[in-house]
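The values are calculated or read from the model by the stated rules, or taken from the named source; none is laboratory data. Keep in mind that what you see is a predicted model, and the values were worked out from it rather than measured. Using ideal geometry, Cβ is built from the backbone for each residue, glycine included, and neighbour counts are taken over all protein chains shown. For the accessible areas, the whole protein counts, side chains as well, though only heavy atoms, and no ligand, DNA or RNA atoms are used. Shrake-Rupley method; radii C 1.70, N 1.55, O 1.52, S 1.80 Å.
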Amino acid sequence: MLASRAFSLVGKRAISTSICVRAHGHAGLVKAEDFSLPGYVDRRDVPLPEVAFVRDLSAQQKALKEKEKASWTALSVDEKVELYRIKFNETYAEMNKGSNEWKTVIGGVLFFLGITGLILIWQKHYMYGPIPHTFSDEWLSMQTKRMLDMRINPVEGISSQWDFEKNEWKK
C-alpha cells in the first residue's frame with residue numbers, strides 16, 4: 001500500500017511538472033517550452049532558420065506583414081529592416097562580428113596561473129625543506145668516482161665509458 005501511494009505521488013508530480021511549471025515569485029503558471037517543435041537559431045551554416053525570430057506579432061508588425069504582400073518598392077528602408085528583424089535576429093555581419101570573450105578567457109587563465117604560481121612559491125618556502133646534500137656537485141662527483149672504482153656495469157654502463165689506464169672518459 002505504501003509503495004502504491006509513493007508511485008502515485010511520483011506519477012502525479014511528474015505529470016504536473018511536465019505540463020506546467022510554477023513561476024518563481026509569481027502567482028501564475030508558466031507553460032513549459034515544447035522542444036519537439038523547431039526552434040529559431042542564428043547560424044552561419046544554416047542561412048534560413050525553420051521558424052521566424054518573432055513568433056507572436058504585435059498589431060504594428062501584423063500591419064507591416066500585410067503591407068509586405070504588396071509591392072516592395074512602396075516600403076521604406078526602415079520598414080524593410082523591420083521586416084528583416086521579424087524573420088531574423090542577426091545579420092551575417094552581426095554573426096561574424098568578433099566578441100571580446102577571448103579577453104575574459106585569457107584573463108581567467110592568467111589569473112588561475114598566477115594563483116597556482118603563488119601556491120607553488122608558498123609551498124617551496126614553507127613546506128619543503130632545504131635541498132638534500134646528495135644533489136651537490138661534490139657529492140655527485142664522489143658518487144661517480146665510487147661507481148667507477150667498483151666497476152659498476154662494465155659492459156654497457158658507466159664503467160664501459162671510462163678509460164682506466166688514462167684515468168679519463170673515453171672519446
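Split the accessible area of the range 24-171 by element, probe 1.4 Å, and carbon with sulfur accounts for 60%. Label zone of Val77 (point 7 Å out along Cα→Cβ, amide N under 18 Å): in the range 86-107 this covers 91-94. D by Stokes-Einstein for the range 51-144, Kirkwood Rh over Cα pairs, 10 °C, 1.306 mPa s: 78 µm²/s.
With the cut-off at 25 Å, tell me which of the pairs Lys31/Lys67; Lys145/Lys170; Lys31/Lys69 have Cα atoms farther apart than that. Listed pairs above 25 Å: Lys31/Lys67; Lys31/Lys69. The label point for Val51 and the one for Lys87, both projected 7 Å from the Cα toward the Cβ, are 1.8 nm apart. Distances between placed amide hydrogens fall under 5 Å for Trp162 paired with Lys170, all partners being 5 or more residues away or on another chain.
By the rule of a C-alpha distance below 23 Å, with chain neighbours fewer than 8 residues away ignored, the lysines paired with Lys65 are Lys80, Lys87.
Net length available on complete extension from Glu156 to Trp102 is 14.1 nm, with 0.36 nm assigned per residue and the Cα-Cα distance removed.
Database remark: amide H of Phe88 closer than 5 angstrom to the amide H of Phe53 (H placed geometrically; neighbours at sequence offset of 5 or more, or on other chains; Pro and chain starts carry no H).
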